[in-house]
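K.L.:
Structure below; questions to follow.
Every number here is computed from the coordinates shown, using simple stated rules; none is lab data. Predicted model, so just to flag it, every value in this text is computed and none were measured. All Cβ positions, even for glycine, are placed from backbone atoms using ideal geometry, and neighbour counts span all protein chains on display.
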Amino acid sequence: HEAVTHFQMVIQTYEQKGDPLALTGLTLVNLSRAFQRQHDYEKSQEHLSRGMMLLQKARSRGLLAEAILQQSDIELDQGHEDSAMALCEQALTQTRELGMKVLEARALRILGRVALVQRRFQEAQARLQESAELAQHCGAQYEQGLALVTLAEAFGLRPDMSDKRRRQSVIRAALAIFQRLGAQTELERVLRLSST
C-alpha cells in the first residue's frame, strides 16, 4: 500500500508541474504493477492504459516496451496465455533492438511462465534459465530472483523427479537474493516452495 500512495503522489506532482510525460507514464506503469500485486486487475489495467497513452505521446520506445511487458503479465495472470505470449514476443523484439537487457530478461521470464502454464516444461525451463542468467549478468538481482523462483516452480511441476536436487539449489539461490534485498512477499513465496 505504501508503494501505491508513493506512486500516486509522484503522479500528482508531475501532472501539476507539467513535468515529462515519460516519467509520469512510467510511474503509472509502476502503479499498475503495484495494483497487480494486490490482485486488483481493474485498477492495474486502468493505470497501465493511462501510462501507455502518455508513453506513446512521449515517443519513448523503451518505456513503451516495459508497458507492453506489464500488459503481457496482467494478461497471463488473468489466464489469457495467447495474448500474453503475443504481447511478450513483441516486447522481446523491441527490447533486443534497443539493447535493454533487464527488460529482455523480464520478457524471457514471462515467456517462461506462459510455457509453464501451457505445460511445455522444457521450453519453460530454457526461457527461465536464460532469463536468470541474463538478469545476473546485468546485476538485476530482483529480476534474477523472480526468474529463479519461477524456475523452481517449473521443476516442481515436472512429472519426473530427476530435477529435485537442481530445484533445491535454485530455491536456495532465490532465497539468498530476496533475503539480501529484503523483498518480503517474494521471500514468503520461496519459503512456501521450499516446504513442498
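K.L.:
Where the convex hull is taken over the Cα atoms of the range 55-148, what is its projected area averaged over directions, in nm²?
P.N.:
Over every viewing direction, the Cα hull of the range 55-148 projects on average to 5.7 nm².
K.L.:
Test of understanding: what is the full-extension gain from E133 to D40, defined as 0.36 nm times their sequence separation minus their Cα-Cα distance?
P.N.:
30.4 nm
K.L.:
Report D for the chain in µm² per second (integer): Stokes-Einstein, Kirkwood Rh on Cα pairs, 20 °C, 1.002 mPa s.
P.N.:
124 µm²/s
K.L.:
Additional query: Which net charge results when you count Lys and Arg as +1 and Asp and Glu as -1 among the other residues whose beta-carbon is under 11 Å from that of R167?
P.N.:
Charge balance in the 11 Å sphere: +3.
K.L.:
Here's a follow-up. Can you list which of the DSSP-assigned H helices in the chain have a Cα extent of 20 Å or more along the long axis and an average Kyte-Doolittle score of at least 0.5?
P.N.:
Going by DSSP H runs, the hits are 21-37, 101-117, 141-157.
K.L.:
Estimate the FRET efficiency between S195 and Y142 by the formula 1/(1 + (r/R0)^6), using the beta-carbon distance for r and 22 Å for R0, to the nearest 0.05.
P.N.:
For R0 = 22 Å, the calculated efficiency reads 0.45.
K.L.:
Percent relative contact order of the chain, based on C-alpha pairs within less than 8 angstrom and at least six residues apart?
P.N.:
Dividing the mean separation by the residue count of the chain yields 11 percent.
K.L.:
On alpha-carbon atoms, Rg over Rh for the range 86-135 using Kirkwood Rh?
P.N.:
So for the range 86-135, dividing Rg by the Kirkwood Rh gives 0.98.
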